[in-house]
Every structure is written in C-alpha cells, then in structure tokens.
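To start, the structure under review is shown below, and the notes come after it.
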Amino acid sequence: MTSTRSVTPVPLVRAKYETVLESWIAEQKRSATARPDLISDSDLARQSSEVLSTLLEGLDSGSLDVSGPAWEHMRAALRGISLSRVRLGFSPSETVLFILSLKEPIFDPLQELDPSNRAEAILELNKLIDRLALVTSEVYQQGREEVILRQQQEMLELSTPVVKLWQGILALPLIGTLDSERTQVVMESLLQAIVDTGSTIAIIDITGVPTVDTKVAQHLIQTVAAARLMGADCMISGIRPQIAQTIIHLGITLPDVVTKATLADAFLVALDRLGQHVVATDPVSAAGR
Amino acid sequence: MDRVPIIKIGKYLLATIQTDVQDNVAVALQEDLAARIIAARARLVLLDISALQIVDSFIGRMIADISGIAKLLDAEVIVVGMQPAVAITLVELGLTLSGVRTALNVESALAMAGIRDQN
C-alpha cells in the first residue's frame, strides 16, 4: 500500500477548494457532535483550512504513506489540532469525526470523473482519510496520557510535605506506598528543605507507609546517606511492629540510622541533640497523666 | 590554571571551591592542602563545596582522598555545604564518604570545631 501512487485528481479538488472547505465546515457545524461551546467559528475555519491545504499538499507528493516524509506537515497539523482539542475537552469521537467528516465534501468534486476512475479515487481517499483519523486518535490518546502523567507529577509533589517541627528540626511524614519515583521526589524535597531552612536534623516518619520491601529500605538508606553528606542527621520513626518484622525477615539492616518507634520519641532525641528539652510547667497535672 | 584558594583562619584552614572544578584543579587542591596542613600545622580543614553544582566519581573520590590525606597528617576535614543534587549523585555513585564529617554551612562547621577543641 505504501508504494502505491496516488490516483486522486488533485487539480480537480484544488479547483473547488473553497466549495469543499465551506461544505466541510458546514458539515461539522451541522453534525450532532458539533461543539460550538468549546471552539469558536473562526478557530474551526482556521483548523479546517489548515488540514485541507496540507492534505492537498500531501496528495501532490503522490505518496500515500501517511507515516512518510511527504505527510509530515499533515501529521504536525493533526497533532496540533488534536492536542488543542484534548485541552479544550473534546471527546475522542468528536476529535476523530473532525477528520472523518471531510469525506463527503471532498468526494463531491470527484463526481465529474468517469465512473471507473471515480470509484478508484473515492476508495483511495476513503482509505487515506481513515488513516489520518487513526493518526488523530493516536495523538489524542497521547495528549490524554500526558495530562494523566502531569497530574501524577502534581500528586507526587502534593504528597510529600516537609514540615518544620522546630528551629533546626524537619519532619517528613510519608503516607502511602513508596516507589522509586516517589522516593526520588521525597529525597529531593527533603534535601532542598534542609538547605532552605538550615536544619541539622531530619525525621522521616513512615507510620503511613503500608509495606517496606528491600527497595524501599534501600531508598530510605540512600536518603539518610545523602542528608548526612549535606551535614544533617536523619532519623526514621514510626516503624510499626509488622514492618519491623518484615525488615528483619528480609535481612535488611539499616546501618548508622537512628530508628525510633514514634515521631514523638524521635522529636525528643532531636531536641536533646540541639541541647534543648521539654519541661512541665505544672508538675501536678503532668503527673496526673 | 585555576587554583582553589586556601585561607588560614587561626588554627583552621578553609578551602572554598568556587566553581565547578576540572580534574587537574582537584589534583592541585590535594597537593596544596597537604602542603598547607604541614606548613600551618592545621588540625582542621573546612572544605566548602557549596558552589559545587556538578560532581562525577572523580571529584567524589577526590573529596574522600583529601579527607584520607588530612587524616594521615593528623588533621580532620569537615565537608561543608554540599548541595542536594551533589549529595544525591554521590549516594547513587555509592560514595557515601563514611567517616568524613559534614556540616550544613561554615558557621555550623566552626561550631562543631569549637566543641571539638574544648574536649
């Protein structure tokens, strides 16, 4: 198929360019999938004329291979339109129908051909437009996936808050499963916070982490080592009994890492290292607890 | 050739790396520091690398080596102000510089040194 030469009479279509464009735009506005709420008439006309002219440009080359160099402009145009429609909130079918609705208007000029040539040309254009529709839908999917990826990224950033507990003490409460990517973000934001606040002690609290496997442990060790390189001490708190068991069963050791059962314990140790301690102002009520 | 300036402050030496260093500058720093430790009879060297944005395994090794050389000459190195990106890179390279003391900034390094000298 890729080597077939085009049989479409391009000059014939080009002669009726304006008519085809107008009836295509009219067709799009008429159809049930028209979205005048999302796209303005001028944008629609601009996109339509861009696609139609690049389509003719592609046909001029004689090649029918839409993934070939002759169709590069076309792919770029479809890419731009498809991505802009993803952002505008068009559905997949609405986006693909944009291309598919070109069929009828572009077949119109072919009526002048004799029947045998006409059938051949229509068949060819039909296949071509179908393939362009596929390109559009693929780009649309990619656009959607990019949106999802970006949201994932944003969630990552939201889910790793670094909290300043005291002058010189940072806490990083981790919640949810830790994977490599997330640990990377955790590490970066913790180290950056150490620089920004000039803190010398950081407490990583893993109370909200459901499981710890070798990989997660490795990441934690790396984070602690990196913080140490910068001149800050790192402690790990909130290790639940099951997790302590898992860590031992997996044969993981956390060398040179101070671990505490709760964030409160770790905080006391941190205060102690900074030469501070908490005293009860009312010994009576403190004893009553 | 660029050289890393080494400043003597009392009993301490302060070497501040001010740009990303080439390998030959790093080698020169090792030589200079060894000579200066002997000449100044310094017991403590502050190696300020806060301006260092990029490291490779060579520079990482160099930091570890400087610490080792200083130890042989009875001086201690405190690595000061390592940037997050540098720390992450070194950890990923497996160079955790165990045994080398670190500090967030020159001020806290001097505080650490002051405590050490009192003991």
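Only the coordinates and a few stated rules stand behind these numbers; no lab work does. Please read these numbers as outputs of a predicted model, since none were measured by experiment. Positions of Cβ are backbone-derived with ideal geometry, glycine not excepted, and every protein chain shown enters the neighbour counts.
Which number in (1) surrounded by fewer than 17 Cβ atoms within 10 Å (Cβ to Cβ); (2) more than 9 Å from chain A (Cβ to nearest Cβ) marks the one condition that B:Ser98 misses?
(2)
Could you tell me whether B:Ala64 is in a helix (DSSP H, G or I) and either within 12 Å of the chain's Cα centre (by Cα) or at negative phi (or both)?
Answer is yes for this residue.
Which pairs do you get when a residue that is closer than 13 Å to B:Gln22 by Cα, found in region B:47-74, comes within reach of a residue that is in a loop (DSSP other than H, G, I, E, B) and among the acidic types (Asp, Glu), reach meaning Cβ atoms under 7 angstrom, with the pair 6+ apart or on two chains?
Here the result reads B:Leu52/B:Asp20; B:Gln53/B:Asp20; B:Ile54/B:Asp20, each pair linking region B:47-74 to a residue that is in a loop (DSSP other than H, G, I, E, B) and among the acidic types (Asp, Glu).
Regarding A:Thr253, is this residue hydroxyl-bearing (Ser, Thr, Tyr), part of a strand (DSSP E or B), surrounded by fewer than 20 Cβ atoms within 10 Å (Cβ to Cβ) and more than 29 Å from the chain's Cα centre (by Cα)?
Criteria not met by A:Thr253.
Scan (1) within 14 Å of chain B (Cβ to nearest Cβ); (2) touching a residue at least 40 places away in the same chain (Cβ under 8 Å); (3) of a type in the set (Val, Ile, Thr) for the single condition A:Val139 breaks and write down its number.
All conditions pass for A:Val139, except number (1).
Does region B:71-87 include one or more residues that are over 19 Å from A:Gln222 (Cα atoms), more than 14 Å from every other protein chain (Cβ to nearest Cβ) and assigned to a helix (DSSP H, G or I)?
Scanning region B:71-87, I find at least one residue that is over 19 Å from A:Gln222 (Cα atoms), more than 14 Å from every other protein chain (Cβ to nearest Cβ) and assigned to a helix (DSSP H, G or I), so the answer is yes.
In this structure, does B:Ile37 turn out to be more than 30 Å from A:Ile169 (Cβ to Cβ), in contact with a Leu (Cβ under 7 Å, 6 or more places away or on another chain) and surrounded by 16 or more Cβ atoms within 10 Å (Cβ to Cβ)?
Against the criterion (more than 30 Å from A:Ile169 (Cβ to Cβ), in contact with a Leu (Cβ under 7 Å, 6 or more places away or on another chain) and surrounded by 16 or more Cβ atoms within 10 Å (Cβ to Cβ)), B:Ile37 qualifies.
So which helices (runs of 4 or more DSSP H) stay within region A:1-84 end to end and still have 3 or more residues that are among the β-branched types (Val, Ile, Thr)?
Per the criteria, A:17-30.
Could you run through region A:218-241 and say how many residues are closer than 21 Å to A:Arg182 by Cβ and either of a type in the set (Val, Ile, Thr) or surrounded by fewer than 21 Cβ atoms within 10 Å (Cβ to Cβ) (or both)?
Within region A:218-241, residues that are closer than 21 Å to A:Arg182 by Cβ and either of a type in the set (Val, Ile, Thr) or surrounded by fewer than 21 Cβ atoms within 10 Å (Cβ to Cβ) (or both) number 9.
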